[in-house]
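Structure record follows, encoded as structure tokens.
Read-outs: derived from the displayed coordinates by stated rules, not from any lab. What you see is a predicted model, and the numbers here were worked out from it, not measured in a lab. Here Cβ is always computed from backbone atoms with ideal geometry, including for glycine, and neighbour counts include all displayed protein chains.
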Amino acid sequence: MHAAHMIHTDVVVIGAGPVGLFQVFQLGLLGIDAHVVDVLPEAGGQCIALYPDKPIYDVPGIPHCTGRELASLLLKQASPFLGIDTLNQDSPRLHLGHQVESVTPRAGIEPGFTLTTHQQLTFNCKAVMVAAGAGAFVPRTLNLPGLEGASNLHYHLDDDLLARLAGQHVVISGGGEEAVGAAIELASMGAAHKAARITLLHRRDQFQVDADLAERLNALIQAGDIEVTVGMPTDCHRADGVIHSLALLTPDSTTVDLPLDHLLVRQGMSPKLGPLANWGLPLERKQVPVSSATFESDVPRIFAVGDINTYPGKKRLLLCGFHEATLAAHAASTILRPDTPQHLLYTTTSPLLHERLGVKRSS
């Protein structure tokens, strides 16, 4: 491991969903340095993975917003402590597309942990905040032999991929909003960046989308911009690390080949505990038991906030996760800085908090 890959910080927050982002904000107010790791390529957790465009009504002070809007607001709020470019989510402290593989107690005089990700990023930290929701959200796959690892298999439609799809035959597998939305986005690209052919692949000819999305999809189908193929993938033809076609079982029980240049699988996300189950944390029904006063787990200096934790009276609500993140930050501050007076400061009046937030005070 090269020294350049080692990151030293006070706290690592695992999970960049709403509670994880608010956790960073609360730690930052207390002057605690934090880095965030998330397996998804975009911050926002469940809000982005499950309901990016659906309304949320129970966030205090916000009558309603979409999951995507809430994630954007929380990123902006945490930005003073992430050094973040909120437009592109570029940040030296926000590590997207990384799954934490191991959390190991650090040997030595000062307590702490060494964390490693599946991409060989390593952290040395004094405490860990697990804000992993129901677990790491990973894409649902097609479960075909030889599919995984192909260079033209994709699960996320991002700017880098969009630039590669011009003039290509793109097959999009899925029957929900993720797949239909991706097909519409591709079909709406300008002529210079548009795919040569877009095929929406689903096991039946009806899609689970709202009326507006269905209307837009039907218009693009009628215009010949999107094709629909009905069938169940049973095999793939792969050579030299590239998928060249899928074998499909059609509704009339015949098998046909569907050639392609790129395969985009958009069949939703599923939460998995993954490596978290091997970190030595006691679990109850796949949740981490914590103290309701500090949200520290049975392992000293490892805290759990949001849907991943459990305690008497636990409610799996977003606003409860924000409360938990606040108390966890203050509990961590007491542990990490035992010689520092723990005064409660208010963002309305505290010059110190204004300085940390980068707020310019009027003279």
Descending packing, highest mean Cβ count within 10 Å first, for 345-351, 138-144, 22-28, 318-324 is 22-28, 318-324, 138-144, 345-351
Restricting to aspartates and glutamates and to Cα separations under 14 Å from residue 54, and discarding same-chain partners fewer than 8 apart, the set is 69, 177, 178, 210, 212
Yeah, the range 201-276 with a ≥ b ≥ c from its alpha-carbon gyration tensor (a/c under 1.5 is rounded, else prolate when a/b outruns b/c, oblate otherwise) is oblate
The relative contact order of the chain, taking Cα pairs under 8 Å that sit 6 or more residues apart, comes to a percentage of 18 percent
Rounded to one decimal in Å, the inverse mean reciprocal Cα-Cα distance for the range 35-124, i.e. its Kirkwood radius, is 14.8 Å
Toy charge model, Lys and Arg Cβ at +1, Asp and Glu Cβ at -1: the range 141-267 dipole around Cα centroid in debye, rounded to 20, equals 220 debye
Excluding residues fewer than 8 positions from residue 315 in its own chain, the lysines with Cα under 20 Å of it are 286
Everything considered on the Cα gyration tensor (a ≥ b ≥ c; rounded for a/c under 1.5, else prolate if a/b is larger than b/c, else oblate), the range 141-267 must be described as oblate
For residue 126, counting only lysines whose alpha-carbon sits under 23 Å away and dropping same-chain residues fewer than eight positions off, the answer is none
For residue 112, other-chain or 5+-apart residues with amide H closer than 5 Å (H placed, Pro excluded) are 106
The simple spin-label model distance between residue 344 and residue 311, using points 7 Å out along Cα→Cβ, in nm, is 1.6 nm
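Please compute, over every Cα-Cα pair in the chain, the percentage with a separation greater than 40 angstrom. List each step's numbers first, then the result.
Values: 15081 of 65703 pairs.
For the chain, the fraction of Cα-Cα distances above 40 Å is 23 percent.
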The relative contact order of the range 59-176, taking Cα pairs under 8 Å that sit 6 or more residues apart, comes to a percentage of 10 percent
In debye to the nearest 20, the charge dipole size for the chain, taken about the Cα centre with +1 at each Lys and Arg Cβ and -1 at each Asp and Glu Cβ, equals 880 debye
So, relative contact order of the range 143-292 in percent, Cα under 8 Å, 6 or more apart, is 29 percent
CD proxy, 222 nm, the chain: helix-only mean residue ellipticity via -39,500 (n - 2.57) per DSSP H run with n ≥ 4, per residue, nearest 500, stands at -7000 deg cm²/dmol
Residue 265 neighbourhood, Cβ < 10 Å, K/R = +1, D/E = -1, net charge +1
